[in-house]
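See below for the structure under consideration.
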Amino acid sequence: LQDFDIVEVYGIGRFTDEFPVTISGEVRNPGTEKYQEGMTLRDLIVRAGGLRPTADLTVEISRLAEPSRRSEGRIAEIITARVDSSFIVPGDAIRFYLGDLTPRADGPPNAAAEIALRPYDHVFVRRIPRFEMQRTVSVSGEVQYPGAYSLRRKDERLREVLVDRAGGLIPTGYAGGFRLFRAGSPVNVELLEVLRDSTHRDNVILLPGDSMVVPEYSPVVLVSGAVNSPSTVLFRQGEGLGYYIENAGGYAENADEGRTHVQYANGATRVRHKSFLFFGSSPAPGPGSTVIVPAKPEREGTNTAAILTSITSIVVAGVTLAIVAVNN
């Protein structure tokens, strides 16, 4: 050393790498921890807040392959171990565990004897097989027992819930107006057919969040749109579309008769088809339905001045070209 030299003494920590170990899946606080010498599987699970009530006790550890195996294309080795109830934190949480605590004879070895971790290990705590929380659907309106129903099976169907469990329709219920809503959107279902035949295609499998509504019978038909007197007309069995249009004052002058359509109480819509070679069809309204007569789109008026201006410009341009051609 020489005069004025500076000597700096480094701490050993400057030359020490930090190695991660990761835990994911059914633990309360999944994430990455700093590896420490002697760290065990139990240590990592406890640091992650312990197992959740939905955790499967068969745990998978992914460990970097040995150098000799990497030449074969192996990236990681998988170690599977069965932990016991002592890994559930706190201890009294064992009362609320939702899985099976009984060890399987053909399963992986028990991990009550601590498993030492290595740097870069990734611990994955799986979810209990085939476990899920209750799937709930709602039934409202004119049924014996409206309310929220938990599905017993993944393949439980509409009729089982609506009839067998909700008691079916009461006398004021209108099956023709039944509506099923899925993800906020209506699904057209012919409930009368389902009530007659449980194997009908409309007896659909219910999904979580489905809602079923049975309305009260409404003996009227609403006629709206381009008619002379939009009004509510009493439903009359056997009468066709023309009857309700006439009772609403007939078509207005601007009515687009060919696009007249009927929206039924269950949400289904049918459009009137124009006659072709004297053949056509008109949907027959039912109780609680709405007849909608659209108006013809307004046509833009002819701009005579603009047309004359354009014609004049074309004529002038033609005359100019002719004069130029003659002079040349």
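The values are calculated or read from the model by the stated rules, or taken from the named source; none is laboratory data. Please read all numbers here as calculations on a predicted model, not as lab measurements. So basically every Cβ, Gly included, is an ideal-geometry build from the backbone, and we count neighbours across all protein chains shown. Areas reflect the complete protein model, heavy atoms only, side chains present, ligands, DNA and RNA absent. Shrake-Rupley method; radii C 1.70, N 1.55, O 1.52, S 1.80 Å.
Assorted remarks:
- Share of carbon and sulfur in the accessible area of the stretch 155-217 stands at 51%, probe radius 1.4 Å.
- Packing rank of 232-238, 221-227, 251-257, where each peptide gets the mean count of other beta carbons within 10 Å, highest leading: 221-227, 251-257, 232-238
- Burial order of peptide ranges 95-101, 82-88 (average beta-carbon count within 10 Å, highest first): 82-88, 95-101
- Amide H within-cut-off set for residue 142, under 5 Å, with H built and near neighbours excluded: 214
- Fraction of antiparallel bridges per DSSP, the stretch 127-251 only, in percent to nearest 5: 80
- Both radii are taken from the alpha-carbon atoms of the stretch 102-256; with Rh as the Kirkwood radius, Rg/Rh is 1.31.
- Whole-percent pair-distance distribution, where bins are 10 Å wide, for the alpha carbons of the stretch 167-213: 26, 56, 18
- 3J(HN,Hα) along the stretch 30-36: x, x, 10, 10, 7, 5, 10 Hz, from the Karplus curve 6.51 cos²θ - 1.76 cosθ + 1.60 with θ = phi - 60°, whole Hz, x for Gly and Pro.
- HN-Hα J in Hz across the stretch 136-145 - Karplus 6.51, -1.76, 1.60, θ = phi - 60°, x for Gly and Pro: 10, 10, 10, 10, 9, x, 8, 10, 5, 10
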